[in-house]
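Some notes on the structure that comes next.
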Amino acid sequence: MNITKNIHEWLFSLMPATTASIVEMVLIAVVYLAIFAVAGLYLVLLERRVAAWFQLRLGPNRVGWQGLLQTMADALKLVSKELTVTIKADKFLYNLAPYFVIVTALMALSLFPFSKEFQAFDINIGIFFLTAISSIGVIGILLAGWSSNNKFSLIGAMRSGVQTISYELSVGLSLMTMVLMTGSLQLSQIVEIQKGGWLIVQGHIPAIIAFCIYMIAGTAETNRAPFDLVEAESELGAGFHTEYSGMKFAYFFLAEFINMFIIAAIATTIFFGAYLSPFGITDNIPLLGVFWFLAKTLVLIFLMMWFRWTFPRLRIDQLLVLEWKYLLPINLLNLVLMALIVLLKLTIHF
């Protein structure tokens, strides 16, 4: 049952081709905006419940059943708050910064194959596009820190620049290791290759090493603990978004959780077969693929939250030493190892 094909044919039977195409694009945009909003809100709730579990507390449990409406109440509170701007802030850049973070996160979401039918944007340079678009988000953080005209915000923004540039290398190289194995940058093709087994299994030890490095570097890319020096509350107040309030603060807050979802979703797609069933079942039940994709992604998100509530925050020198002295050299050696494995397999096959 091809849901998207049926909707496509139905729209084109009702209206002219150009109008139908525009309506399709609007519908896709609305669906992804809804995913963005719901995922952001309920990942916040999941974070609070996981934190409570680790700290032997209850967490949100008053607003709605089991506290499920708590984040909706928080969102309404943020929307109703006054938007304040400091007198010496660069108002244009100050207002522009949150949209850099939000738009790049939304563009990245469009590439994920939630199921065989549910993928908005499938291009042959998918992984390259994801890494490129994800790196633009840091521009919003740098603009926010600089335009606020606050020394704590500026320090947080500079830390973010250093951290992102450093850990992008490890994220890119770990993904490149898997691209070397699959021979494709297109996400749909990478998923098809995994019908014979997840890449983390097919790729042997290099794939496991690539996954471990990717998760560490990905956590650092999202500025989450123990790599949250960008927002270090004990040192910088709130870091780069100290001077933001109301909905503009909410944009940064939601973007952090959506970026965490993006990091986990990339790992799910590349290493764990995306929407493919772990039991080898090729079922045609609608939305089953979406269930498996989200289930795998949530497990990896839980792992990232586990990091946060287990490890203490690193100092800035420890953060850079971890990347440049350990993760990067290991990644380069792992890339060479994967190249040798691929070469040997090709040679034996030949």
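Since every read-out is calculated from the coordinates, none of them should be taken as a lab result. Because the structure is predicted, anything quoted here is derived from the model rather than measured. Backbone-built Cβ (ideal geometry, glycine too); neighbour counts: all protein chains shown.
With charges set only on the Cβ (+1 for Lys and Arg, -1 for Asp and Glu), what does the dipole of the stretch 207-278 come to about its Cα centre, in debye to the nearest 20?
Values: 2 positive and 7 negative charges, 64 e Å.
Once rounded to the nearest 20, the dipole reads 300 debye.
Please state the charge dipole magnitude for the stretch 41-181, taken about the Cα centre, from unit charges on C-beta atoms (+1 on K and R, -1 on D and E), reported in debye and rounded to the nearest 20. Numbers along the way, then the final one.
Numbers: 11 positive and 7 negative charges, 117 e Å.
About 560 debye.
Which FRET efficiency value, to the nearest 0.05, is calculated for Met247 and Val201 with the Förster distance at 30 angstrom and r the Cβ-Cβ distance? Can you show the working numbers first?
Details: r = 44 Å, r/R0 = 1.47.
FRET efficiency, Met247 to Val201: 0.10.
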Simple label model, 7 Å out from Cα along Cβ direction - Leu76 to Trp324, nm: 5.0 nm
222 nm mean residue ellipticity, helices alone, for the chain (DSSP H n ≥ 4; -39,500 (n - 2.57); rounded to 500): -23500 deg cm²/dmol
Cβ crowding within 10 Å averaged over residues, with 214-224, 57-67 ranked highest first: 214-224, 57-67
Tyr99-Asn61 pseudo-label distance in nm [points 7 Å out on the Cα-to-Cβ vector]: 4.3 nm
Eligible aspartates and glutamates near Lys81 by straight Cα distance, threshold 20 Å, same-chain separation 8 or greater: Glu243
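Among the listed pairs Lys5/Lys195; Lys248/Lys296; Lys116/Lys345; Lys195/Lys296; Lys91/Lys151; Lys77/Lys248, which are separated by more than 19 Å between their Cα atoms?
Listed pairs above 19 Å: Lys5/Lys195; Lys248/Lys296; Lys116/Lys345.
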Convex hull volume per residue for the chain, taking Cα atoms only, in Å³: 166 Å³
Computed over the stretch 54-193, Kirkwood Rh from alpha-carbon pairs, angstrom: 18.5 Å
Alpha-carbon centroid distance for the pair the stretch 262-333 / the stretch 1-70, whole angstrom: 21 Å
Peptide ranges 80-92, 302-314 listed from the most packed, as the mean C-beta count within 10 angstrom indicates: 302-314, 80-92
Karplus-derived 3J(HN,Hα), 6.51/-1.76/1.60, for each residue of the stretch 206-220, Hz, glycine and proline x: x, 5, 5, 4, 4, 5, 4, 5, 4, 5, 5, 5, x, 4, 5
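Just subtract the alpha-carbon distance of Leu33 and Trp53 from 0.36 nm times their residue separation and send over the number in nm, one decimal. Can you show the working numbers first?
Values: separation 20, 0.36 × 20 = 7.20 nm, distance 3.01 nm.
Difference between extended and current length: 4.2 nm.
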Cα lying deepest toward the dipole's positive end in the stretch 7-92, options Leu69, Phe92, Phe54, charges on Cβ: Phe54
Test item: Cα-centred dipole of the stretch 78-125, Lys/Arg +1 and Asp/Glu -1 on Cβ, debye: 200 debye
Cα-based shape type of the stretch 122-230, given that a ≥ b ≥ c are square roots of the gyration tensor eigenvalues and the cut on a/c is 1.5: prolate
Under Karplus coefficients 6.51, -1.76 and 1.60, residue-wise ³J(HN,Hα) of the stretch 297-302 in Hz, glycine/proline x: 5, 5, 4, 6, 5, 4
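Where Rh denotes the Kirkwood radius from the mean inverse Cα pair distance, what is Rg over Rh for the stretch 162-304?
Values: Rg = 17.1 Å, Rh = 16.5 Å.
Rounded to two decimals, Rg over Rh is 1.04.
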Residues whose placed amide H lies under 5 Å from that of Leu314, excluding near-sequence neighbours: Asp228
Principal axis dimensions, largest first and in whole angstrom, of the stretch 7-128 by Cα: 54, 43, 33
